[in-house]
Amino acid sequence: MRVKPKKYLGQHFLIDLSIAQKIANTLTLKNYNKVLEIGPGMGVLTSNLLKKPIQTYVIEVDSESIKYLKTYFPQLSKNIIEADILKYDLNSFSNNEQFAITGNFPYNISTQIVFKLLEFRNSVPEFTGMFQKEVAHRICVSEGTKAYGILSVLVQAFYDAEYLFTVPPNVFNPAPKVDSGVIRLTRKNNFSLQCDEKLFFKIVKTAFQQRRKTLRNSLKVFDLSNNLKANTIFDKRPEQLSVDSFINLVSIIEKDNLKV
């Protein structure tokens, strides 16, 4: 029995056992007792997670994969969540406990999975897994580059991001057209921002929507005072600002009594 990869689900099944083990080993197992694997497919990563001293759960939307997992991993049966990760309430899984997330993430929803992580950052101290290399790089890159953007700033505000290793296309079925990259995100010890967090998200997204413009122009929608716009930080483009600089930007806008 095998599961046929489904294009509409973005499935590319990892078939290299050594790489699966390597991905499983990206988990440090610190500060949590359970891990949730997203999109286990035929369980090549799952089999390695089950060997670790941690409670392993998987969430899968593909009914064929679920049937396969129940057949070949009977010890996992009670820990299979049959749901779409993007629609699933992780609070019901967390039950006020900390947990890690890992997986070989479908390319077509990988960015949405990261934004989902950020929503539940209070419960997830560690996040590891495989993305399209370009996305993995974008998550981890520093300011001053073209790849640096919304995803980079929002993730790195709350997590330390590490690009761990590159995975070639030939270890998947079917083989994707691009390389993949494995990353680890470790939540910062103090991950509460020294500014209004909702405003932080809003300003970062607005700034990068017109990334070629200076902040003075891209943030016009916020109706900033002339006094505030005189600050030299508004001479810069968003890709020039570090995460800390964005936090500082939001703080000075708050002090300007901005109403949003």
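Please report, in debye to the nearest 20, how large the charge dipole of segment 7-187 is about its Cα centre when each Lys and Arg carries +1 at its beta carbon and each Asp and Glu carries -1 there.
200 debye
Mind giving me the nanometre distance, one decimal, between the label points for ASP16 and LEU86, set 7 Å out from Cα along Cα→Cβ?
If labels sit at ASP16 and LEU86, their model points lie 2.8 nm apart.
Step by step: find N for segment 1-135, compute 2.2 N^0.38 Å, then divide the Cα radius of gyration by it. What's the final number?
0.96
Which order do ASP160, ASP196 fall in if you start with the one that has the fewest other Cβ atoms within 10 Å?
Least crowded to most crowded, the residues run ASP160, ASP196.
Once amide H atoms are built 1.01 Å from N in the peptide plane, which residues 5 or more positions from GLY149, or in another chain, come under 5 Å H to H?
Close amide H contacts, sequence-distant or interchain: none at all.
For LEU164, what is the net charge nearby, where nearby means another residue's Cβ is under 11 Å from its Cβ and Lys, Arg count +1, Asp, Glu -1?
+1
Could you please report the charge total around GLU97, scoring K, R as +1 and D, E as -1 over all other residues with beta-carbon less than 15 angstrom from its beta-carbon?
Summing Lys/Arg as +1 and Asp/Glu as -1 gives +2.
Given Cα positions, please report Rg to Rh for the chain, the hydrodynamic radius being the Kirkwood one.
In the chain, Rg relative to Rh is 1.03.
For the chain, modelled as a GNM with alpha-carbon contacts under 10 angstrom, which of LEU86, LEU29, LEU118 fluctuates the most?
Ranking LEU86, LEU29, LEU118 by mean-square fluctuation puts LEU86 first.
Let me spell out the model: positive unit charges on the Cβ of Lys and Arg, negative unit charges on the Cβ of Asp and Glu, origin at the Cα centre of segment 103-156. What dipole size does that give, in debye rounded to 20?
Approximately 100 debye in magnitude.
Using 0.36 nm per residue, how much length does the chain from ARG216 to GLU119 gain when fully extended, once their Cα-Cα distance is taken away?
Once the chain is fully extended between ARG216 and GLU119, it gains 32.0 nm.
Where nothing but the Cβ of Lys and Arg (+1) and of Asp and Glu (-1) is charged, how large is the charge dipole of segment 118-204 around its Cα centre, in debye to the nearest 20?
Around 120 debye, computed over segment 118-204.
Can you list the equivalent-ellipsoid semi-axes of segment 197-255, largest first and in whole Å, using the square root of 5 times each Cα gyration tensor eigenvalue?
14, 13, 11
Report the residue, chosen from VAL167, VAL221, VAL155, that carries the largest GNM mean-square fluctuation when the chain is represented by alpha-carbon nodes joined by springs under 10 Å.
Comparing VAL167, VAL221, VAL155 in the GNM, the peak value goes to VAL221.
Can you tell me the FRET efficiency between ASN227 and THR145 if r is taken as the Cβ-Cβ distance and R0 is 25 Å, rounded to the nearest 0.05?
Given R0 = 25 Å and the Cβ-Cβ separation, E is 0.20.
In the structure displayed, which of LYS87/LYS229; LYS7/LYS236; LYS22/LYS177; LYS51/LYS146 lie more than 30 Å apart, Cα to Cα?
From LYS87/LYS229; LYS7/LYS236; LYS22/LYS177; LYS51/LYS146, over 30 Å: LYS87/LYS229; LYS7/LYS236; LYS51/LYS146.
Rounding to the nearest 10 and keeping the result within 0 to 90°, find how far the Cα-based axis of helix 243-255 lies from the longest principal axis of the chain.
Roughly 50 degrees, rounded to the nearest 10.
Any read-out appearing in this document is the output of simple, stated calculations on the displayed coordinates, not a laboratory observation. Note that the coordinates shown come from a computational prediction; the quantities given were computed from them, not determined experimentally. Using ideal geometry, Cβ is built from the backbone for each residue, glycine included, and neighbour counts are taken over all protein chains shown.
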